[in-house]
Every structure is written in structure tokens, then in C-alpha cells.
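Colleague: I am attaching a structure below and will ask some questions about it afterwards.
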Amino acid sequence: MAAGYVPDMKNEDIVCQSKCKHRDCAANRKQWIDGKCRICNKGFLPGKRFYYEDTGAVHALCLELEIEGDLN
């Protein structure tokens, strides 16, 4: 399993900064602006590591602690 890094949603190369109809921009906004980690229920900050699960992204640290038994 590999971790990725949350993109900077204020970067025009990642997502349009004005209203648009791009499906990829909408998907990025839904995931990174509206999305929450299933473990801690907090949002995602740019540059932080994450893993994808079937239900969506989770903070890498949250999942690592959960696996180690230090959470929940």
C-alpha cells in the first residue's frame, strides 16, 4: 500500500480557481474540500499523506495508528 499527498486545491494546475464544468475539478473539490477522514472525521490539508480505501481517502497517520491498535 502506498500513501499519496493531498493536493493543494489553491493551485490552478490542480483545479480551476473559477467556476467550471470540468468533471475532474468537481471530483477533486468533493474529495479534498468536502471530504472527511472516516477515522477522525476531519478534513484534508494540502501536503498531508493519505491512503485510499473503498470508502474514500483517510489520513495516513489515522490509518497507521488504527492498524497498530492505537486508535479506537
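Colleague: Filter the range 39-72 down to the residues that are assigned to a loop (DSSP other than H, G, I, E, B), within 17 Å of residue 5 (Cα to Cα) and in contact with a strand residue (DSSP E or B) (Cβ under 7 Å, 6 or more places away or on another chain) and list them by number.
Modeller: Correct list: 44, 47, 48.
Colleague: Here are some conditions: (1) of a type outside the set (D, E, K, R); (2) out of contact with any helix residue (DSSP H, G or I) (no Cβ under 9 Å at 6 or more places or on another chain); (3) surrounded by 11 or more Cβ atoms within 10 Å (Cβ to Cβ). Residue 2 meets all but one. Which one does it not meet?
Modeller: All conditions are met except number (3).
Colleague: So residue 42 ticks every box in (1) surrounded by 13 or more Cβ atoms within 10 Å (Cβ to Cβ); (2) at pLDDT 95 or above but one. Which box is left unticked?
Modeller: Of everything listed in (1) surrounded by 13 or more Cβ atoms within 10 Å (Cβ to Cβ); (2) at pLDDT 95 or above, residue 42 misses just condition (1).
Colleague: Shifting gears a bit: Would you pick out the residues in the range 9-38 that are charged (D, E, K, R) and assigned to a helix (DSSP H, G or I)?
Modeller: Listed by number, the residues that qualify are 23, 24, 29, 30.
The values are calculated or read from the model by the stated rules, or taken from the named source; none is laboratory data. The structure displayed is predicted, hence computed values, not measured ones. Glycine also receives a Cβ, built like all others from the backbone with ideal geometry; neighbour counts cover every protein chain displayed.
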